[in-house]
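Okay, so here's the structure we're looking at.
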Amino acid sequence: MLELKLHQPPEPKNQVVPDTQTLGNIAQHLEELQKSDRSLHNLIGMEIWAITKTMDDLYPGFWHKFMINSRQSMKQFIAESRKQKAEGRE
């Protein structure tokens, strides 16, 4: 029979503690990543708004119909999920 053994790498003997300059650089990089993430989030939101505005201009009431359909789909999904959970518990 095949026996699996968990192999743990040895702990390093010398723990390296980064100096304050390195920690500062890491903090700066994290801040830049967070700023980039916020910018991307804002850009995606603006693109979604532009698409929905364009569709609403081309097909008046598009957004309203989309939201009604989305709400109905979510209710149906939740009902089916609850039904599956109830059947699984029996």
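The values are calculated or read from the model by the stated rules, or taken from the named source; none is laboratory data. Just so you know, these numbers come straight off a predicted model, no measurement behind them. Heads up, the Cβs are rebuilt from the backbone with ideal geometry, glycines too, and the neighbour counts pull from every protein chain shown. The area values use the complete protein model at the heavy-atom level, side chains included, leaving out ligands, DNA and RNA. Shrake-Rupley method; radii C 1.70, N 1.55, O 1.52, S 1.80 Å.
Side notes on the structure shown:
- A count restricted to region 21-47 and to residues that are open to solvent by 80 Å² or more (accessible area, probe 1.4 Å) and at pLDDT below 90 stands at 3.
- Total residues in region 60-90, condition surrounded by 10 or more Cβ atoms within 10 Å (Cβ to Cβ) and acidic (Asp, Glu): 1
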